[in-house]
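Structure first, commentary second.
The values are calculated or read from the model by the stated rules, or taken from the named source; none is laboratory data. Source: prediction; values computed, not measured. All Cβ positions, even for glycine, are placed from backbone atoms using ideal geometry, and neighbour counts span all protein chains on display.
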Amino acid sequence: MFKLVIVDDEERIRTGLKKFMNWNSLGFDCVADFEDGAEAIEYLRNHEADVVLTDIRMAQVSGIEIARYVHEQKLRTKVVINSGYAQFEYAKRAIEYKVEHYLIKPTDIEETKKVFLLIRNTLHSERDSGVSDSGKQSGHMQEEDLHANIKRYGPIIVEWMKENKVAQVAERYDDFLNEIIRGKSKMLHLFAIDLFIEIETAFNAAGIDLYKLTGGQFDYRKLSSKRGPVDIRRIGNQLLMETVACLAGGASGSTSMILGKAQAYIEANYHRDISLEDVANAVFVTPSYFSRFYKQQTGETFIEYLTRLRLGKAVELLKQRKHKIYEISEIVGYKSSKYFNRQFKQALGCTPKEYARIVLKASDPTDE
């Protein structure tokens, strides 16, 4: 049996991993579990372990720090990250410290089994062939060079995605994978995830949330459960093509499409207590981007448009003479009738009551 150590600051997760995973059937014996990286490192100073399965964020010492300790001490222990944080910086440091695999929470039992079966096979091979620590270290010498490819390919792919150059995006992604494969990295999936995080970060900086824009399709966690190059190539290309298609709908038609969707959402929800954030989420962009975009496209702010729409609806209701003024205030989305009166007078030059008494009465032919 190979020795496994589990590290996670949530007791329910540690318990779940021990209870629901049949480690013995995979060739592992869970010899210890800890709630913080500091305890795990202290354990590794005095005991041997074949694998550490660890969370990233913990109170004192993180999972990345465990990986760094293992790397710097040249231990033969393999580190597997199990985290809910699929962020670029974490992925980059995981590669730097030779993390074996990077699993994304919530924990997928079948995926975890596949990962540990691969690790078991690797451990058996290393034990049978007598691979030394120095030999294993030299096998990872190319990782830093391979990581540099992300900085080289990422910006190019981003620009071609923006320009709707489908063929070039697919070709460049294939070239990227081919270089990683030629480098014989065991972490192809992690490099692919790293590339997608780089792409996501670039679009976020421009105010575009790709996950929201694609209706959740831009989800690179799908790559973490597929270790084979064929699957990573296929799934990655699919994610990129779906995203480019969504961006294309937003380039040739994005200005009108986003504006139309935003105004349709406001029209359908003006009676609710909606915010700029609500509308931005509805059209899959960030609030700051939407605020600038709306002002540029219409010449008025979101609040100005919402106020104009609400007051227009209020005038229509006043003309019907079926509702009291406080009822109209609530119907068009104002919680405070005083604020409604103030907004109405500022826009139309009279209060709702004055409008009903003077303007509507003057236009009523039955009063002539």
Inset, instruction - Run Y69 past the list (1) of a type outside the set (D, E, K, R); (2) in contact with a Lys or Arg (Cβ under 7 Å, 6 or more places away or on another chain); (3) without any contact (Cβ under 8 Å) to a residue 40 or more places away in the chain; (4) over 19 Å from I193 (Cα atoms) and report the number of the one that doesn't hold. - result: (2)
Inset, instruction - Scan region 63-86 and give yes if some residue there is in the same structural domain as R127 (by TED's automatic domain parsing), loosely packed, with under 15 Cβ neighbours inside 10 Å and at positive phi, otherwise no. - result: yes
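Please return the ranges of helices (runs of 4 or more DSSP H) entirely within region 1-86 where 3 or more residues are in contact with a strand residue (DSSP E or B) (Cβ under 7 Å, 6 or more places away or on another chain).
11-20, 37-46, 63-72
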Legend entry - Odd one out for S185, checked against (1) assigned to a helix (DSSP H, G or I); (2) modelled with pLDDT under 85; (3) polar (S, T, N, Q): (1)
Legend entry - Among residues of region 212-234, those that are under 27 Å from E110 (Cα atoms) and crowded, with 17+ Cβ neighbours inside 10 Å, counted: 11
Legend entry - Selection count, region 318-342, where residues are buried (at least 18 other Cβ atoms within 10 Å of the Cβ) and assigned to a helix (DSSP H, G or I): 6
